[in-house]
Amino acid sequence: MRTMHDAIMIGIGTALNDNPQLNTRHLPALSGSKYHLPRPIILDSSLRLPLDCKLIQNYKEGRGRRPWVIGQVSENSDWVTRKQALEAAGARVIEVKGENGRISIPVLLTTLRTLGIRSLMVEGGAQVIRSFFAEANSVNTIIVTVAPTFVGNDGVGYGDDLVSTALPNMEPTRTELFGRDAVMTLKVIR
């Protein structure tokens, strides 16, 4: 699925917890060509992304695209220093408006569109996905992967107050099995 999008987005929580690569490394090799690599985008209003993370390392080693770090506009000297360090390490820091440490999703989407991003895959985490659900008209398609594993209390939820009335109306369009996982595609009905 990643190859079908211009960019993949995660939040800083996922970046810090998982240190993901957000690439297509598990796909079989193509003869004579390469897979489209999506742009990794990290929502990180305080610029906490580690300088030695896999996203930056992959870019430096030619195995990934330059990561974009989306930060909330700030004139704080620590933030400016951190921005310079991230850029020196190889990331591009894009400043967007926000409020109370939260980046505005509509402003973010407009900014990404002006930068050429037409298809965005929001991979997580829970807080980022919740933010997109909270903004009307920011989601077109939802793809849910269900693994046959019970996580219990250690799992990450979307919040106790995320109720069905706050979610968009959806209709299932496809369900497939991939190994033991079930993947469902839902289209948002407007």
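The values are calculated or read from the model by the stated rules, or taken from the named source; none is laboratory data. In this text, all values refer to a predicted model and were calculated from it rather than measured experimentally. Cβ coordinates were reconstructed from backbone atoms using ideal geometry, including for glycine residues, and neighbour counts include every protein chain displayed. In case anyone asks, the SASA skips ligands and DNA or RNA and just uses the protein heavy atoms, side chains included. Shrake-Rupley method; radii C 1.70, N 1.55, O 1.52, S 1.80 Å.
Summary of computed values
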read-out: Filtered residue count, region 101-131, keeping only those that are modelled with pLDDT under 90 and in contact with a helix residue (DSSP H, G or I) (Cβ under 6 Å, 6 or more places away or on another chain); value: 4
read-out: Region 172-190 residues that are over 20 Å from Asn137 (Cβ atoms) and free of Cβ contacts under 8 Å to residues at least 12 places away in the same chain, paired with ones that are among the small types (Gly, Ala, Ser) and surrounded by 10 or more Cβ atoms within 10 Å (Cβ to Cβ) (beta carbon under 8 Å, 6 or more apart); value: Thr175/Ala182; Glu176/Ala182
read-out: Of residues in region 41-72 being out of contact with any helix residue (DSSP H, G or I) (no Cβ under 9 Å at 6 or more places or on another chain) and part of a loop (DSSP other than H, G, I, E, B), the one most open to solvent (accessible area, probe 1.4 Å); value: Glu61
read-out: Pairs, first of a type in the set (D, E, K, R) in region 1-28, second modelled with pLDDT of 70 or more and open to solvent by 40 Å² or more (accessible area, probe 1.4 Å), C-beta under 6 Å, six or more apart; value: Asp6/Arg118
read-out: Number of the exception - Asn100 against (1) free of Cβ contacts under 8 Å to residues at least 40 places away in the same chain; (2) closer than 21 Å to Met9 by Cα; (3) open to solvent by less than 50 Å² (accessible area, probe 1.4 Å); value: (3)
read-out: Selected residue [over 15 Å from the mean Cα position of the chain (by Cα), under 30 Å from Asp181 (Cα atoms) and small (Gly, Ala, Ser)] from Ala89, Ala85, Ala126, Ala147; value: Ala147
read-out: Of all residues in region 159-181 being under 23 Å from Gly13 (Cβ atoms), of a type outside the set (Gly, Ala, Ser) and at pLDDT 60 or above, the one that is surrounded by the most Cβ atoms within 10 Å (Cβ to Cβ); value: Leu167
